[in-house]
Each structure stands twice: as C-alpha cells, then as structure tokens.
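A.B. asks: Here's a structure for you.
The values are calculated or read from the model by the stated rules, or taken from the named source; none is laboratory data. Please read all numbers here as calculations on a predicted model, not as lab measurements. All Cβ positions, even for glycine, are placed from backbone atoms using ideal geometry, and neighbour counts span all protein chains on display. In case anyone asks, the SASA skips ligands and DNA or RNA and just uses the protein heavy atoms, side chains included. Shrake-Rupley method; radii C 1.70, N 1.55, O 1.52, S 1.80 Å.
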Amino acid sequence: MKPVKVLRTLYVVLILSAAALSAPTKTPPPDIFLITIDTLRADHVHCYGYASVATPGLDALAKDGARFTQAFTPSPITNTSHASILTGLLPGSHGVTDFGVPLSASHPTVAELLKAQDYRTAAFIGAVILDSKNLAPGFDRGFDYYDNFPEHVSTKSRWGRLERRGMDVVEHAENWLSQHPAGPHFIWVHLYDPHDPYEPPPPYSRIYKDHLYDGEIAYADSALAQFIAYLNKIGKYRNSVIVVVGDHGEGLGEHHEDTHGIFLYDTTTHVPLIVKLPGGRSAGTIVAAQVRTLDIMPTLLEFAGAPVPQRKDGESLEPYFGGKSEAARPAFGETDYPLRFGWAPLRSVRSDGFKFIEAPRPELYDLQVDAGELSNRYESRDARVEKSRTMLAELRSKEAPTTAPEPSSLPDPKDKIEEQNLLHAAMLASEDDRSADARKTLEKVLALDSKSPTALRQLGELELQAGDYVEAARHLKAATEVRPDDAAALFHEGQALEKARDLGGARDALEASLKLMPGQFEARLLLGQVYLGLKDPAAAEDQFEAALLLQSGSVEAQLGLADAQITKGNFAEAAQSLEALSKVQAKNAHVFDLLAKAYSGLGKRTEAQQAATRANLLSSNK
Ligand SMILES: [Zn+2]
C-alpha cells in the first residue's frame, strides 16, 4: 500500500471514529423490574403519609424515583387488574373480567413486546390465583420463565399451596437472575402478602398485632427492600427502570366492605405507584396528577424503545417525569365480580374531581369536599352525571358486547355487601379446612338470603366432603334451582345423590351438568356407574366411551366399559380388552374379577376359575 493511500485510509478512519464519538451513543435498553404488591392501599404506605406503618423499601424507592400520589386501578380484583397492567387495556377491552378467564392471544402483553426486543423475561408470582396453569391462563405469554406453583402439593398449609411469602418469591427471582445474568431483563415480581388472611410472619405479627394488614404491608416492604438490595449488589439498580404498584386496595370495613372486588370506591382503587428511572432521573419527583395503572405498559415499552401497540387504553407516563405535564387523566373503573353472586356489575368514572358510579342506585361523589365518598349527590339531571354517562357509553361502544344480564334487573351490591363479607369469610375457612366455621358463616348468609346460590352451593360442597350426602344433595338441589346453569353445582349434586343411592336423581343432575359442560371426565365416569346401577348397560357404555374419548388411558373408564359389555352379554369384547388390561394392571383385583365374569359368560370355566382366584388373592393382599 502506498503511503498516500495509507494516510487517506487513516484519515477516513479518524473521521468515522469522530463521527461515532460525536453522534449520541445509543444507550443499551434498560433492565425493567415490575413489582406488583397485592391489596396495597395507597393510604397505608408510609411515604404516602401513613404514620402507622414502616415501609422503608417503598420510601427509599420513592426518593430515587417519581411517586404518583393519585394512581388508580381500573379493577379491584387481582387477575383483572394485573391483566390491565400487562396489556395497558381496560377490563372490558382485554376481557379478563374474572378469575380463570384466559388472557386472549389477540392482546399483546408487555412481556411479549419486550421479548420481541430481545429482553430476557421472567415472572415470579406469590399466589396460585395467578398460576397460568390454573386461574390465570395466558398470563405466561411472553415470559421465558413463569414461576407457577407445583402441580401436586401434599401440605394442607396455605404456604406453598395457595400462597408464597414475599421472601420466597424474591428468592426465586434472585436465583433465576443469578442463573440468567445476560440481559436486558424484564422481570415481574408479585408480592401477595397484604392479601387476606392477614398472617404476617414474626416480628411483624408481634409489632403489628393490632393491625395485621399493616404488618403484611411492612413484611412485603421488607421483601421489596431485600430485592432492591440484591439489584444493587449485582449492579442492576442504578440504570434500571423499577415500577412498584398496588394491584388494588382493601376495604377494611369502609363502605361495609371487608376486602375488595365488589365496590369501586377509592379504598380499593387508589393504589401507590412509584417509578424509578435510569440514572437517578426525576429522583424525588412527586406527581399529583391523576393517572392509571393502565399507563404502566406504554411507559415501559417507551423506555425499552419498543413499538407501542395501536390499541391501548393507557398512555405513557413520560410527560410527567420532566414536569412537562400536570394533566389529569380520566380513570375508569369496572367490576363484574358481583355477577358471580348474582348482583349487578358496577362501572365508574373518576374525572374533574368527581366520581360517578353506575349501579342500580347510582352514586356521585364530590371528591374535593368528600374524599371518603360518604355523601351521595346523585341526581339524574345533573350535568356531571350526564357527562360521566356519556363517557361510559363511549367506552362501551368500543368494547366487545357482553352477554351479562341488564344490570338494573339485578340487586345492587350495596344491599348485598354483608352477605359478601360472610361468603368471603366462609371461603377462607373452607380453604383452611375449618369446616365448622365455614358452615356457621354460610348459615348466617342463608339467614340473610335463604336463596343465596353461592351459600347453598358452598354448604352443599361442605356436607359432601363431610359425608352427609342427604343434606349435601338438599342444599345443592336448592342451589341449582336458583341457578340452573351452574354445571359444577349440578355435578356435585349428582355426586351427593349417587352416594345417597338416589340413582334416578343422580342421573338427572349429571345429565344436566354434562349438557352444560360436555367435557367433564369425572361426571361422565360417574354417570356411567349410575347407569350400571340403574341396569341400563347401553347408556352406561355410551358414558364410558365418552369418558375414554376425554382420557383414553383411564383404567376406571376401561373397567366401566367392560362391566357394561358383560352386563349386555358382550363377553368376547369384554374379555379381549380385559386381557390386555390385565397385563398392565397385574395387581388390580377389579380387572380379574371382571375377567372371571367375562370368561364365565364365554363358558371358559378353567380360565374363569383362575381369574377369580387371582382376584381373591389380590383383594385379600390389599
Ligand atoms: Zn390482588
């Protein structure tokens, strides 16, 4: 190479390097940590002005970030509100309006969109209600790892079966991060602790013994602080985005609501929201404008440089960080949870200092003078009411039409809240195996409303477990008379009647249940047995065949089918399938018992004798 050319090349290289240096260097996308704390009321956090709890973790994060004093969730129940956080959509848009409703693949989640930007994604949940194999199908979309609960748990304790303590959740997240250090990361950590029952571990159980809800908050805060300390230790704190938010609040007896889910008052919809930005930006900022948890998803996507989907109900919070905006955003609220109990769903708008709640008896609160929402100022011709109704109507026109009954024809949840408190207490008692407490509480519900389908069904299920089949059947029959479309209650009614040897009644209940939900394996199996008991082997055969279509390997269904075939005199077919089954079920007395009957029907006396001997031997060895 000639010297001139070398020099020219060098010159070009220098120019290029200078250009590279002067151009704004593209910073790598930040690690993003989304921490949701369940059932966390904004006004029960220390940095939100509540003196009766110590939350040093949240307080420190607020100092390093922006604290939103007026953030609202659109939903007071866990799965619905988390679906809104993950999708930036209102419940009516994403459709997860109850537990167990799948999060449709047509709504991209923040995890999916960040994964598409080469983020490593993982979720660590604190409650089985967010288990994607259980009550939260679709929530794991976009996560490389989703920390579901083990499928088989032998313990009767809540811990590990229904809930994980915050420290366990955080430890799972830390272990995963240590094993997957390459980022950028998007990590969702869900701390369930403040959710009832309020059972903080020591020393919080002692320090907060007279207000255990706060004790749970203090404990959850300690888990948060531990996680933040870990992020500091691995050098991921300073340049990361960390969002901490409550999924909803807690009634604590205000408006007569003990927990959450039924109402849309601020007690359960006003949540803390803290956003820590990379590099200490906006540290210590306090944002007083009204915002929504819907705004989290577009904000995170913006930080990651990821495209924001067209269809969204939230907006990025970016304008608030530099003080570029102080504009309040309208906050909608929705709850279909009352429908579960046969009561009217509620809708609300929080805007311009007022809250309007659409209900059979509508409500309007002037939040400037009545922050506790105690004095209902609703009048039908009020301009604020009309404006709120217009906003709600516009929203509904964008949502998918629902099949929910006309709200006004259902009872107002305000008239039913005492029942709901009791039903909730009974559910907790059942979960914790305190059946006497559960029974007593459910009887109190029935004293308020003798036709409460939820109480009748739960009482029936309790009696079924306790072995009082006649009582169980009586309660379940009453429940299914009020609610004839409850397939699960009908199935349980069938179980109770079969045990009580009312086979005709069991048949009717099971047929009705299967008409509503044809894919129930257990119901098919039981109905097959009922038909055998009713000496209708052809109908029994149909049920066992249907059961085998659902679970082809089921030994019980194969045995039921063989039994039905023998009863019909179809010995050859039964013998053939039983011979095959006897090879894999060599220790199952029932197989050889039926085989003896089949051989005997075929006139094979020696084989019949051998099979009968084998069956006797196996059943006596049990
Ligand atoms: Zn929750």
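A.B. asks: How much of the pair distance distribution for the stretch 225-290 lies past 18 Å, counting alpha-carbon pairs only, in percent?
C.D. replies: When every Cα pair of the stretch 225-290 is considered, 53 percent fall beyond 18 Å.
A.B. asks: Okay, moving on. Check cross-link reach from residue 440 to the lysines: straight Cα distance under 18 Å, and skip same-chain residues fewer than eight apart.
C.D. replies: List returned: 451.
A.B. asks: Between the stretch 290-344 and the stretch 149-202, what is the separation of their alpha carbon centroids in Å?
C.D. replies: 26
A.B. asks: Ignoring ligands, DNA and RNA, what percent of the 1.4 Å accessible area of the chain is carbon and sulfur?
C.D. replies: 53
A.B. asks: Take residue 451, project a point 7 Å from its Cα along the Cβ direction, then tell me which residues of the stretch 414-434 have their backbone nitrogen under 20 Å from it.
C.D. replies: The answer is 414-420, 423, whose backbone nitrogens lie closer than 20 Å to the label point.
A.B. asks: Once the convex hull of the alpha carbons of the stretch 501-568 is built, what does its volume come to per residue, in cubic angstrom?
C.D. replies: 67
A.B. asks: Return a whole-number percent for the relative contact order of the chain, with Cα pairs under 8 Å and 6 or more residues apart as the contact set.
C.D. replies: Rounded, it is 12 percent for the chain.
A.B. asks: Still on this model: Calculate, in nm to one decimal, what residue 517 and residue 182 gain on full extension: separation in residues at 0.36 nm each, minus their alpha carbon distance.
C.D. replies: 116.0 nm
A.B. asks: Determine the shape class of the stretch 78-185: with a ≥ b ≥ c the square roots of the Cα gyration tensor eigenvalues, call it rounded for a/c under 1.5, and otherwise prolate if a/b is greater than b/c, oblate otherwise.
C.D. replies: Taking the square roots of the gyration eigenvalues as a ≥ b ≥ c, the stretch 78-185 is oblate.
A.B. asks: Nearest 500 deg cm²/dmol is fine: what mean residue ellipticity at 222 nm does the chain get from its DSSP H runs of n ≥ 4 alone, each adding -39,500 (n - 2.57), divided by its residue count? Let's see the in-between values first.
C.D. replies: Numbers: 24 runs with 290 residues, N = 622.
Helices in the chain give a 222 nm mean residue ellipticity of -14500 deg cm²/dmol.
A.B. asks: Still on this structure: Taking the Cα centre of the chain as origin, work out the dipole magnitude from +1 charges on Lys and Arg Cβ and -1 charges on Asp and Glu Cβ, in debye rounded to 20. Don't jump to the answer; show the numbers that get you there.
C.D. replies: Numbers: 65 positive and 83 negative charges, 460 e Å.
For the chain, the charge dipole is close to 2200 debye.
A.B. asks: Leaving ligands and nucleic acids out of the surface, order 161, 292 by accessible area at 1.4 Å, largest first.
C.D. replies: 161, 292
A.B. asks: Would you be so kind as to identify which of 343, 368, 239 lies farthest towards the positive end of the dipole of the stretch 233-374, taking Lys and Arg as +1 and Asp and Glu as -1 on Cβ and the Cα centre as origin?
C.D. replies: About the Cα centre, the residue reaching furthest to the positive side is 239.
A.B. asks: Considering Cα pairs under 8 angstrom that are at least six residues apart, work out the relative contact order of the stretch 558-622 and quote it in whole percent.
C.D. replies: Averaging sequence separation for qualifying contacts and normalising by length gives 30 percent for the stretch 558-622.
A.B. asks: Kindly report the accessible area of the chain per residue (heavy atoms of protein chains, probe 1.4 Å, no ligands, DNA or RNA), in Å².
C.D. replies: Accessible area per residue, the chain: 45 Å².
A.B. asks: Ok, one more. What pairs from 133/444; 444/499; 233/324; 63/209; 312/416 go past 31 Å between their alpha carbons? Working shown, then result.
C.D. replies: Values: 133/444 34 Å; 444/499 27 Å; 233/324 34 Å; 63/209 29 Å; 312/416 34 Å.
Going by Cα-Cα distance, 133/444; 233/324; 312/416 fall outside the 31 Å limit.
A.B. asks: Continuing with this model, one more query. Put 188, 176 in order of accessible area, largest first, 1.4 Å probe: what do you get?
C.D. replies: Descending accessible area places them as 176, 188.
A.B. asks: Let me ask something else. Order 297, 517, 427, most accessible first, counting only protein heavy atoms with a 1.4 angstrom probe.
C.D. replies: Heavy-atom accessible area, descending, gives 517, 427, 297.
A.B. asks: Considering just Cα atoms, how many Å³ per residue does the convex hull of the chain enclose?
C.D. replies: So the per-residue Cα hull volume is 227 Å³.
A.B. asks: Using the 2.2 N^0.38 Å rule of thumb for compact globular proteins, work out how the stretch 500-622 stacks up: its C-alpha Rg over that value, please.
C.D. replies: Relative to the rule-of-thumb radius for its length, the stretch 500-622 sits at 1.10.
A.B. asks: Ok, one more. Expressed in nm², what is the orientationally averaged projection area of the convex hull enclosing the Cα positions of the stretch 441-536?
C.D. replies: 5.6
A.B. asks: Ignoring GluC sites (Glu not before Pro) that are buried or in helix or strand per DSSP, and keeping those with at most 11 other beta carbon atoms within 10 Å, what is the longest stretch of the chain between them?
C.D. replies: With a cap of 11 other Cβ atoms within 10 Å, the longest stretch comes to 380-622.
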